[in-house]
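Student: Below you'll find the structure I mean.
The values are calculated or read from the model by the stated rules, or taken from the named source; none is laboratory data. Predicted model, so just to flag it, every value in this text is computed and none were measured. Using ideal geometry, Cβ is built from the backbone for each residue, glycine included, and neighbour counts are taken over all protein chains shown. Remember, those area values only see protein heavy atoms, side chains included, never the ligands or the DNA or RNA. Shrake-Rupley method; radii C 1.70, N 1.55, O 1.52, S 1.80 Å.
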Amino acid sequence: MSFRVVIDSCGELTDEMKKSGNFVSAPLTLQVDEYIVQDDEEHFNQAEFLKKVAECPNCPKSSCPSPEIYRDAYDCDADHVYAVTLSEKLSGSYNSAVLGKNLYLEDHPDAKVYVFNSCSASVGETLIGLKIQELEEKGLSFEEVVEQTEAYILSQDTWFVLENLDTLRKNGRLGTVKALVATALKIKPVMGSTDEGTIIQLDQARGMKKALVKMVNSIEEKKSSDPQERMVGIAHCNCPQRAEMVKEEIIKRLPFKDVILVNTAGVSTMYANDGGIIVVA
């Protein structure tokens, strides 16, 4: 059976995913004051965007893909179509993808289309897309792929350490997490996600390096039971050496099946800010 996976642009596509022809991106739109850019390879430039964010006193914003963008992305010759969106608790992308599915089914009532709420973001969506590909290539039925992917999403955990939480806070994405007034002390929180896809604080440390070590400690503690069965995804915002350091520390401790490294796309760049690290396992 042929398949297509539509991933909103908060999720990064690896070069292999792009070359496969099975993955397409549904772009969000980013805005920094009067500067508006579509989050796709043709229009988004990370260095330019980070510069504009740094120079602007106001908070950058994003808007999710329209239902029509999703509907058009579902319209293909594939037997099975899946969408993967960033957490429903963080964006309207999931609801938009579901509306797009309903629009598409009006004209194609027998089509097999399913929308996954990642309960994560960034490289978490990437790993979900790769899980779908793995299950499809095993020859599982559409229903089996959906069931096993939903179980995989429940088993995922997300961690991140950012240079600052300003964008998340100003855009209301931190919920009940208390704002840290500790810039002068260089306190860096270790953040994570709940099963429902909301953001929580797990730990904190003075300085980025110590915070990253605490993050890896948490990964080791949480994923020690079956690492050889799991992939790890690491997304970095303009800090490849920092990401490599985290990767080396992770594989030194646990024998994961594979570790993938990606540079953040537009939406993840907006929230992670320059120097941010996101890990999903």
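Student: Would you check which residues across the range 18-73 are of a type outside the set (Lys, Arg), open to solvent by 60 Å² or more (accessible area, probe 1.4 Å), modelled with pLDDT of 95 or more and assigned to a helix (DSSP H, G or I) and list them?
Tutor: Those that are of a type outside the set (Lys, Arg), open to solvent by 60 Å² or more (accessible area, probe 1.4 Å), modelled with pLDDT of 95 or more and assigned to a helix (DSSP H, G or I): 47, 48, 68, 69, 72.
Student: Can you tell me which residues in the range 121-135 are farther than 16 Å from residue 78 by Cα and open to solvent by less than 10 Å² (accessible area, probe 1.4 Å)?
Tutor: Across the range 121-135, the qualifying residues are 122, 123, 124, 125, 126, 127, 128.
Student: Consider only pairs whose beta carbons are under 6 Å apart and that are at least six residues apart or on different chains; among these, list those whose first residue lies in the range 262-277 and is among the acidic types (Asp, Glu) and whose second residue is open to solvent by 10 Å² or more (accessible area, probe 1.4 Å).
Tutor: That search, which allows pairs on different chains as well, returns 274/50; 274/238.
Student: Looking at the range 163-173, can you tell me whether even one residue there is of a type in the set (A, V, I, L, M, F, W, C) and either modelled with pLDDT of 90 or more or more than 20 Å from residue 243 (Cβ to Cβ) (or both)?
Tutor: Here is the first cut: in the range 163-173, the ones of a type in the set (A, V, I, L, M, F, W, C) are 165, 168.
Then drop every residue that is not either modelled with pLDDT of 90 or more or more than 20 Å from residue 243 (Cβ to Cβ) (or both), which leaves none.
No, every residue in the range 163-173 fails to be of a type in the set (A, V, I, L, M, F, W, C) and either modelled with pLDDT of 90 or more or more than 20 Å from residue 243 (Cβ to Cβ) (or both).
Student: Follow-up question, since we're still on this one. Going through the range 87-100 one residue at a time, which ones are touching a helix residue (DSSP H, G or I) at 6+ places or on another chain (Cβ under 8 Å), at pLDDT 95 or above and crowded, with 21+ Cβ neighbours inside 10 Å?
Tutor: Result: 96, 97, 100.
Student: Here is a follow-up. Just one of (1) part of a loop (DSSP other than H, G, I, E, B); (2) touching a strand residue (DSSP E or B) at 6+ places or on another chain (Cβ under 9 Å) trips up residue 110, so point out which.
Tutor: (2)
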